[in-house]
Amino acid sequence: MAEHIDFPGESIVGRRAQAPETEIGALFDQVAPGAYGEIPEGRVTGPLTAVYHSFTGGVFDVTIGFPTTWRPGPDAGVTVFDLPAGPALRALHTGPYDSLRETYDDLERAAREQELVPTAAVERYLTDPGANPDPATWQTEVLFLLEGIPAA
């Protein structure tokens, strides 16, 4: 069920990459450990996060990283993507990643019904599959960052 929230804004330090939908899991396996390793110990402030910028021609354009207040230097192997503060729709998904489409359908329906324009989709992986191998219990927070307000 989609709910409105005031997203406080957040900086994600990670890597931006593109991958076909069929290879998105492998991209996470490749990118996430390296991004985490670039951030100084104790400076990660939240869970693994993905910012989906677009999905065109079956290819995702995504930033994969971690929230932090740390800013990398120009020679770092990671970049900063600042998520702006503002209105958002939020839904909590419980279950395996391959069933996230249902949660996206709920958020898309809510946005359409309320005449809201999503500017980015954000997934925050609240459960670490390495620590909890049962996919039925995995929790993923899905956010649609929004542009504007509902039409009058």
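Just so you know, all these numbers are worked out from the coordinates, no wet-lab data involved. Remember, predicted model here, so these are calculated numbers, not experimental data. Note that each Cβ is placed from the backbone with ideal geometry, even for glycine, and that neighbours are counted across all protein chains shown.
For an R0 of 22 angstrom, estimate the FRET efficiency from the Cβ-Cβ distance between Ser54 and Leu92 and round to the nearest 0.05. Please report the intermediate quantities before stating the final value.
On the way: r = 24 Å, r/R0 = 1.09.
Efficiency at R0 = 22 Å is approximately 0.35.
Out of the trypsin sites (Lys or Arg not before Pro) in region 98-152, which ones are loop residues according to DSSP with at most 15 other C-beta atoms within 10 Å?
Numbers: sites: Arg101, Arg109, Arg112, Arg124; in loops: none.
Those that pass, being in a loop and sparsely packed, number zero.
Length gain on complete extension for the stretch Val117 to Thr22, per 0.36 nm per residue less the alpha carbon to alpha carbon distance?
On the way: separation 95, 0.36 × 95 = 34.20 nm, distance 2.66 nm.
Length gained between Val117 and Thr22: 31.5 nm.
Return the FRET efficiency for the residue pair Ala131, Ile5: r is the Cβ-Cβ distance, R0 is 35 Å, and the value is rounded to the nearest 0.05. Provide the component values of the computation, followed by the final result.
Working: r = 26 Å, r/R0 = 0.76.
Given R0 = 35 Å and the Cβ-Cβ separation, E is 0.85.
Quick one: angle between helix 100-113 and the longest Cα principal axis of the chain, in degrees between 0 and 90, rounded to 10, please.
40
Can you pull out the GluC sites (Glu not before Pro) in region 1-105 whose DSSP state is coil and whose Cβ has at most 16 other Cβ atoms within 10 Å?
Here the sparse-neighbourhood loop sites are Glu41.
Any idea what angle helix 24-38 forms with the longest principal axis of the chain, computed on alpha-carbon atoms, 0 to 90 degrees, nearest 10?
The two axes meet at around 50 degrees.
Could you pull out every residue, at least 5 positions away or on a different chain, whose amide H is within less than 5 Å of the one on Thr127? Hs are placed 1.01 Å off N in the peptide plane, and Pro or chain starts have none.
Under 5 Å from the amide H of Thr127: Gln139.
If each DSSP helix of 4+ residues adds -39,500 (n - 2.57) and the sum is divided by the residues in the chain, what number results at 222 nm, nearest 500 deg cm²/dmol? Mind dumping the intermediate values first?
Values: 2 runs with 29 residues, N = 152.
Here the helix-only value at 222 nm equals -6000 deg cm²/dmol.
Rounded to the nearest 0.05, what FRET efficiency is calculated for Asp61 and Glu102 with R0 set to 22 Å and r the Cβ-Cβ distance?
Numbers: r = 23 Å, r/R0 = 1.03.
Between Asp61 and Glu102 the formula returns 0.45.
Give the separation of the Cα centroids, region 100-138 to region 1-73, in Å.
One Cα centre to the other: 14 Å.
Once the dipole of the chain is set up with Lys and Arg at +1 and Asp and Glu at -1 on Cβ about the Cα centre, which of Ala50, Gly65, Met1 lies farthest towards its positive end?
Highest projection toward the positive end goes to Gly65.
Describe numerically, in nm with one decimal, the distance between label points set 7 Å from Cα along Cα→Cβ at Tyr36 and at Asp82.
Using points 7 Å along Cα→Cβ, the separation is 2.7 nm.
Which one of Thr119, Thr56, Thr68 has the biggest mean-square fluctuation once the chain is modelled by GNM with Cα springs under 10 Å?
The residue with the greatest mean-square fluctuation here is Thr56.
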